[in-house]
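**Student:** Below is the structure I would like to discuss, written out as C-alpha cells.
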Amino acid sequence: MSSGIDADIALDAAVVLSLGMTRLLGHGAGLAGRGAEALAALAAGRAEARAAALAEVRTHERALRETVERNARIAALAETRAKIGADVPLPGRLDPAERPAAELTAWCAATDPVLDEAERRLSEHLAAQVGAQIFAVPAEGLTAEAGGGAPPPPHAGDVREHLEKIMARLLPDAGEAERRAVAEAARLLAGAATPADAEGVLQEVRLRIQEANRLTRERRDEERRRAAERDAAEQAEAERRYVLDSITAAFEDMGYEVQAGFETLTAEDGTVALTKGAWPDHSVRMRVDDAAHVRASMVRERPAENEDDRRVDVEREREWCEAFEAARERLAGEGIRSDVAWRLEPGVRELPVSAEARQTRGRAAQRERSRERHK
C-alpha cells in the first residue's frame, strides 16, 4: 500500500501463553489472570515481577497441556476397552479449570502408572480373547496321537500360554485389520503337529505383532501430528483475533469507526476501513496479515481538485500518523509490539483514490458516454 505505514507485529510471550491457556480450558479469547499480571508488570517496567509472573504462566500452561494429553489418553483407552469388552478400571478425566499448576502436575504423575497398567491389562485381555477363540475347540493337530515314529504333538495348554504371552505384546489400540492379521496367523496353531511347527507359527505371530505395533505407533504419531497442526492453527487464529480486537478497541477509543468490523478480514483481500465523522473525503485502509504484519494507507474517497484539497490531505495524514503512534503505545501495554518497517511521511505523495470511488467514477463515465452516443 502506498502513502501509509508498514509494520511488523510481535506478541509478548505472556499473551501467547495466556491465549494458549484459554484455548486449552475451552474459554473464549482473552488473557488469563496470570498473563494479565505479567503484562501489567511489563507496562509498569517491573522486570523482576514480570519474569516471575511469566515463569508462572509457562509452568501453568505446560501443566495444562500435560493434563489435556492424559485426558486424551484416558478417552482413547476407554474406547479400546469398550471395543474389546474388557473389564479394566480407568481413572476419570480431570477438569483442569481453576486448578493450580502443582495440582495438575501431581495428578499427571499419579495417573501415568495407572494408565500404563490399564494398557497392559487391555493387551492381556485381548491376548486371552484371541487364545480363547483359537483353542475353544481342541484342534485335530493338537490332540491327535502321533504315528509313524513322528514326534509327539505340542501340548495345547503350553502352546496357548506361550501364545498369550506373545499376544500380550500387541498394543491394545491396534487397528481391526492388524488384529485380524495377527489372529489369522495364530489360528495356524490348530494345524501344528509338532513343536517345531508350533514354534514356526508363533514366530509368524511375533512378526505380525511387530508389524501391527509399528503401524499402530505410526498412526499414533500421525494423530499427534494432526493434533499439533490443529493446535497451531487454533493458536494462530486466537493470536490474530487478539490483535484485531485490540486494534479495533484502540482506534474506536480514539474516535474512529471500523467499517463492517474486523471480522471482514475473513474476506478475500483481508482489508478494512477506518473512518471518522470529520473525514468526509478520507479513510484509512488497513490490512492485518495473520498476527504478524499490519499495513495501513490513507486514501481519498474522491480525487483532489485543488491545492486546498491537498493541504487537507497533509493534515489528515499527519493526524493519522499521530493516531497510529498513540495506538502503538497503547497496544504495547497489551503485549502487542510493532516495529515500523516502512513509512511514507505526510505530503510526500498524492493520496490515492479508493478503488470503490474509481469504480463508481468509471461506471458514471460509461453511462455518460452511452448517453452521448444515443443523442
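**Student:** Could you tell me whether A32 is open to solvent by less than 40 Å² (accessible area, probe 1.4 Å) and either modelled with pLDDT under 90 or of a type in the set (G, A, S) (or both)?
**Tutor:** yes
**Student:** Oh, and also: Looking at A177, A192 in this structure, which one is open to solvent by less than 40 Å² (accessible area, probe 1.4 Å) and small (G, A, S)?
**Tutor:** A192
**Student:** A follow-up question, please. Here are D158, D245, D221, D231: which of them is under 27 Å from G20 (Cβ atoms), among the acidic types (D, E), assigned to a helix (DSSP H, G or I) and at pLDDT below 85?
**Tutor:** The match here is D245.
**Student:** Do you know which residues across the stretch 282-312 are among the acidic types (D, E) and either within 30 Å of E234 (Cα to Cα) or open to solvent by 50 Å² or more (accessible area, probe 1.4 Å) (or both)?
**Tutor:** D289, D290, E301, E305, E307, D308
**Student:** Of all residues in the stretch 249-268, which are modelled with pLDDT of 85 or more and either part of a helix (DSSP H, G or I) or aromatic (F, W, Y) (or both)? Quick ask: steps written out before the conclusion?
**Tutor:** We begin by selecting, within the stretch 249-268, every residue modelled with pLDDT of 85 or more; these are 249-257.
Once the filter is applied, which keeps residues that are modelled with pLDDT of 85 or more and either part of a helix (DSSP H, G or I) or aromatic (F, W, Y) (or both), the stretch 249-268 yields A249, A250, F251, E252, D253, Y256.
**Student:** Additional query: Under 8 Å between Cβ atoms, at least 6 apart or on separate chains: pull out the pairs that start in the stretch 94-114 with a residue that is within 21 Å of A55 (Cβ to Cβ) and end on any residue that is of a type in the set (D, E) and open to solvent by less than 70 Å² (accessible area, probe 1.4 Å).
**Tutor:** Listed pairs, sorted by first residue: L104/E66; T105/E66; C108/E66.
**Student:** Then there's this: Quick one: count up the residues across the stretch 81-139 that are among the hydrophobic types (A, V, I, L, M, F, W, C), open to solvent by 60 Å² or more (accessible area, probe 1.4 Å) and in a loop (DSSP other than H, G, I, E, B).
**Tutor:** 2
**Student:** Would you please list the contacts, defined by Cβ atoms under 8 Å and residues six or more apart or on different chains, that run from a residue in the stretch 199-223 that is under 17 Å from A76 (Cβ atoms) to a residue that is part of a helix (DSSP H, G or I)?
**Tutor:** A212/E178; A212/R179; A212/A181; A212/V182; L215/E178; T216/E178
**Student:** Could you tell me whether the stretch 279-287 includes any residue that is more than 15 Å from I5 (Cβ to Cβ), within 22 Å of the chain's Cα centre (by Cα) and either at pLDDT below 75 or of a type outside the set (D, E, K, R) (or both)?
**Tutor:** no
**Student:** Could you list, in sequence order, all residues of the stretch 65-91 that are of a type in the set (A, V, I, L, M) and farther than 15 Å from P113 by Cβ?
**Tutor:** Initial filter on the stretch 65-91 (of a type in the set (A, V, I, L, M)): 68, 72, 74-78, 82, 84, 86, 88, 90.
Those that are of a type in the set (A, V, I, L, M) and farther than 15 Å from P113 by Cβ: V68, A72, A75, A76, A78, A82, I84, A86.
**Student:** Identify the single condition in (1) at pLDDT below 90; (2) polar (S, T, N, Q); (3) over 32 Å from the mean Cα position of the chain (by Cα) that T271 does not satisfy, given that it satisfies every other one.
**Tutor:** (3)
**Student:** Right, next: Is the stretch 216-229 home to any residue that is open to solvent by less than 80 Å² (accessible area, probe 1.4 Å), under 40 Å from the mean Cα position of the chain (by Cα) and closer than 13 Å to L126 by Cβ?
**Tutor:** The answer is yes; a qualifying residue exists.
**Student:** Identify all residues within the stretch 325-341 that are outside any helix (DSSP H, G or I), touching a helix residue (DSSP H, G or I) at 6+ places or on another chain (Cβ under 7 Å) and hydrophobic (A, V, I, L, M, F, W, C); write none if there are none.
**Tutor:** I336
**Student:** Would you please name the residue that is modelled with the highest pLDDT, looking only at residues in the stretch 317-372 that are more than 25 Å from A292 (Cβ to Cβ) and polar (S, T, N, Q)?
**Tutor:** S354
**Student:** Which members of the stretch 331-345 meet the condition of being surrounded by fewer than 17 Cβ atoms within 10 Å (Cβ to Cβ) and touching a strand residue (DSSP E or B) at 6+ places or on another chain (Cβ under 9 Å)?
**Tutor:** Those that are surrounded by fewer than 17 Cβ atoms within 10 Å (Cβ to Cβ) and touching a strand residue (DSSP E or B) at 6+ places or on another chain (Cβ under 9 Å): A332, R337, D339, V340, A341, W342, R343.
The values are calculated or read from the model by the stated rules, or taken from the named source; none is laboratory data. This one's a predicted model, so the numbers in the text were calculated from it and none came from an experiment. Reconstructed Cβ throughout: ideal geometry from the backbone, glycine too, with neighbour counts over all protein chains shown. Protein only, heavy atoms only, side chains kept; ligands, DNA and RNA dropped before computing areas. Shrake-Rupley method; radii C 1.70, N 1.55, O 1.52, S 1.80 Å.
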